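Structure, as structure tokens:
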Amino acid sequence: MKVALLGQPNCGKSTIFNAVAGYRSATGNFPGTTVELAWSKVRLNGQVIELVDLPGIYSLTASSPAEEVAKKFLLEQEVNLIIHVMDASMLSRSLELTLELREMGIPMIVCLNMTDEARRKGITISAPKLSELLGLPVVETVASRGEGVRDLFLAVKNPTHGSRPVKTGTADISWHTDVEGAVSKMQSSLNGTATRNHVPPRFVAIKLLEGDEGFLAAASPQVRAAAQEGRRSLEQSHGRPAESVIMSERHDRSMHLFEQVATLSRPKPDFRIALDNLLMHSFWGYPLLLAILGGFFWAVFGIGSALETAFTRAFDAGFHLLASGLVPTSLAYTVVKGVWDGLAGGVGIVLPYLIPFLIGLAILEDIGYLPRVAYLMDGLLHRVGLHGTSMLPLILGYGCSVPACLATRILPSRRDRFLASVLSIIVPCSARSTVIFALVAFYLGPAWALAIYAFNGVVVILSGWLLTRIWPEVSAGMILEVPNYHWPTLRVVTMKTWLRLREFVMIGLPLLVGGSVALGLMSHWRLDAFVNRAWSPLASLLGLPAILGTILIFGILRKELTLVMLVQVLGTTHVTSIITPAQLLTFTVFVTFYFPCVATLGALLKEVGGKLTALAAAYTTVLAIALSVAVRLLSSAILS
Amino acid sequence: MAAAKTSKEFSVDTAQVTSLDRAQERDAVEVLEVSGPRNVANSLAQLGIRVGEVLRVRRSAPLGGAVLVETRERSVALGRGLARRVKVQTRS
């Protein structure tokens, strides 16, 4: 049995999905986060159902990639049941989608979620009345607290409406006479033509009148002509395009439904409005933004450095015990040291910064602060040819470039997607951040690390400006829903953090260990001399010892390797005893900007194709070289 | 019909026609027209910004930044250029 979860963005549908399917998808309090499908097999009282979390959509008119995906899925896959999740505090708007979905004729259960928010806004909804008017089962839930989810899935197992098993919304909700006339006229001209198996003719007729490209393309010339005629007549009699007329009909019906089922009373006083007066303030919003990000930074560094010091001490001591019986020049020793160094690096240096970083990012996301950041920054971004919705890939880029590149799918044009991808890989991902924290912050002080982030920010903006000059295009403009704040839930934050952490533990850590061992073996068999000699022109340009060359190549595999191997190669964790602060800074700046890791290359290839990926990689490397040389020259003057 | 339409426009003598980016904050405005490509108008409509709807401009970011608009149930942040395309009329 195939069940699809469908609903508008931010209705809590992904929370429901995760409640039954486990940690399979990531939710975000930022519309457009779920652009990919997440699916899972779920066992319900002995029966296994396939549950799919479709991207959040506002309607089935396919004006965005997310809607394309959802529509395609519903039309092409054999979906047995739709769970339509609605934000109860936005019922009238949500009902428009409900009415559209009903037209598809797929059995459906309505889930009225966030009833606590509705109550807070003073909206009381009669679920039984709604169920009666729609002809569909309605279940009330508060998914963030887990309330009602069990009842929802009990209804999935036995979808009944009253005592009858539900087929489709059988209650009559028809439109104004003249529009209905146009629809039935369209429907009759479809008679005899083959439509896709389970799609009701009424749905096809409406879609054709709306001017849906997919349906028009699949139709015969006669049907297409009939659709053209139908649209024209609607447009003539209403003075507006046909799809606008149809949208108004749904709007009318949903308002009517809403008025019949909801009673409004005085909303409870909400401190969140006062919070927004502060955080979105025309002036104070900006220093507060810096303060919040700065606070985040300081917290990550504080926790990370404390843990790092403790862990590395433990690992150092552990190694002495471990290697006590081995001869330092033997192969065994090299391998053991390689493994240990990899583990020490991954667990002792990377994790202390990675974990607080991911938790902090998840909290910021869940609270709902990120759309406000987009609001504050849109003006500036627009000047560099982007708009506020490009903030999402950029912000995700601070976690990992891979989901950032995937998130560019929400942007309308190819050029926007390329621009956002390039900028999101220039932004330091958590791996690169770990390098910044563990090297620069730890040895030179947090102020220097903050300086790198600020410097990086300026470079991102200038790159955006530059790339816009080269590939100009009028940006459509930001349209972004700004949802209400809500307390971060432990469940969601843990889930999101674990999801990203799991990737590191399962893939990153083994790569770190493998890489360390490889490096150890290379030096054991004197192979590294080759590579270092090949690198020496670049190394001398950057003023770095040649051994760091090999490390930077490994960094293409995984950025944390640069950190772990630096420590390994220099033979001690007291790095500043061997290379100067200026060299440390230069090295870190290079690592911050250069060539993306293989995982990112893969994501880029998927999103923008080979040519643009090569361009992006080349740009970042040239940028890295130029900036590191500049930093080298400047810092020898200041730091030495 | 035409007479009724005209009298509607003139009857509210304190009504002002402007674009969304220039509307006064906190004023309730009614959307008269949304210009520009159809897919943009559709995206706006889906979020509740369409002809006939009543909106309220909550705030705007400085230096030509975004505009935060409140529809019946949602708050929507719009790029300034987009807001300029929405013609509105203040209701007194």
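A few points about this structure:
- Ignoring aspartates and glutamates fewer than eight residues from A:LYS71 along the same chain, the ones with Cα atoms less than 19 angstrom from its Cα are A:GLU36, A:GLU50, A:ASP53, A:GLU96, A:GLU100, A:GLU103, A:GLU210, A:ASP212, A:GLU213, A:GLU243.
- Region A:497-517 versus region A:198-225: alpha-carbon centroid distance in Å: 50
- Computed from point charges on the beta carbon alone (+1 for Lys and Arg, -1 for Asp and Glu), the dipole magnitude for region A:207-291 about its Cα centre is near 160 Debye.
- Relative contact order (percent, whole number), region A:454-581, Cα cutoff 8 Å, 6+ residue spacing: 17
- Global size of region A:402-560: 20.0, 60 Å for Rg and Dmax (C-alpha atoms, Rg to one decimal, Dmax whole).
- Simple point charges give the picture: +1 on the Cβ of Lys and Arg, -1 on the Cβ of Asp and Glu, and for region A:271-375 a dipole about the Cα centre of about 40 debye.
- A cut-off of 5 Å between modelled amide H atoms, ignoring neighbours fewer than 5 places along the same chain, links A:SER282 with no other residue.
- Mean separation of Cα contacts under 8 Å (6+ apart) over length of region A:345-486, as relative contact order %: 32
- Count Lys and Arg as plus one, Asp and Glu as minus one, and take only other residues whose Cβ is under 10 Å from that of A:GLY211; the net charge is then -1.
- Region A:581-640: C-alpha gyration tensor shape, a/c 1.5 cut-off, then a/b vs b/c: prolate
- Alpha-carbon centroids, region A:257-279 and region A:305-331: separation in whole Å: 58
- Only Lys, Arg, Asp and Glu carry charge here, each on its Cβ (+1 for the first two, -1 for the last two); on that basis region A:311-432 has a dipole of about 360 debye about its Cα centre.
- Listing B:SER19, A:SER254, A:SER628 from fewest to most neighbouring C-beta atoms within 10 Å gives B:SER19, A:SER254, A:SER628.
- Charge tally in the Cβ shell below 13 Å around B:LEU82, where Lys, Arg are +1 and Asp, Glu are -1, B:LEU82 excluded: +2
- Approximate spin-label separation A:ALA217-A:LEU275, in nm, with each point projected 7 Å along Cα-to-Cβ: 4.4
- Sites A:THR309 and A:GLU68 - FRET efficiency at Förster radius 51 Å, r taken between beta-carbons, to 0.05: 0.50
- Couplings for region A:352-366, taken from phi via the Karplus curve 6.51 cos²θ - 1.76 cosθ + 1.60 with θ = phi - 60°, read x, 8, 5, 5, x, 4, 5, 4, x, 5, 5, 5, 4, 5, 5 Hz in order; Gly and Pro are left as x.
- Within chain A, the longest run free of GluC sites (Glu not before Pro) that sit in a DSSP loop with at most 13 other Cβ atoms within 10 Å is A:79-472.
- Counted charge near B:GLY48, where neighbours are those whose Cβ lies closer than 12 Å (Asp, Glu -1; Lys, Arg +1): 0
- In nm, spacing of pseudo-spin labels at A:VAL327 and A:SER188 (7 Å Cα→C-beta vector): 9.8
- Average projected area [Cα convex hull, chain A], square nanometres: 33.2
- Region A:372-406 and region A:608-638 have Cα centres lying 21 Å from one another.
- Bridge type composition, the protein assembly as shown - antiparallel percent by DSSP, nearest 5: 65
- FRET efficiency estimate (nearest 0.05) - Cβ-Cβ, A:ARG383 to A:ILE363, R0 22 angstrom: 0.15
- log₁₀ of I(q)/I(0) at q = 0.14, 0.23 Å⁻¹ - region A:340-410, Debye sum with one point per alpha carbon: -0.55, -1.02
- Per residue, the convex hull spanned by the Cα atoms of region A:533-640 amounts to 90 cubic angstrom.
- Which listed pairs, of A:LYS41/A:LYS611; A:LYS496/A:LYS559; A:LYS72/A:LYS121; A:LYS72/B:LYS87; A:LYS157/A:LYS268; A:LYS337/A:LYS559, have C-alpha distances above 32 Å, in listed order: A:LYS41/A:LYS611; A:LYS72/A:LYS121; A:LYS72/B:LYS87; A:LYS157/A:LYS268
- Rg ratio (alpha-carbon, reference 2.2 N^0.38 Å) - region A:271-357: 1.81
- Look at the alpha carbon pairs under 8 Å that are at least 6 residues apart: their mean separation over the length of chain A gives a relative contact order of 12 percent.
- Annotation: region A:421-465 has a Kirkwood hydrodynamic radius of 10.8 angstrom, from the mean reciprocal C-alpha pair distance.
Quick note: the coordinates plus some simple rules give every number you see, no bench work behind them. If you're wondering where the values come from, they're calculated on a predicted model, not measured in any experiment. Using ideal geometry, Cβ is built from the backbone for each residue, glycine included, and neighbour counts are taken over all protein chains shown.
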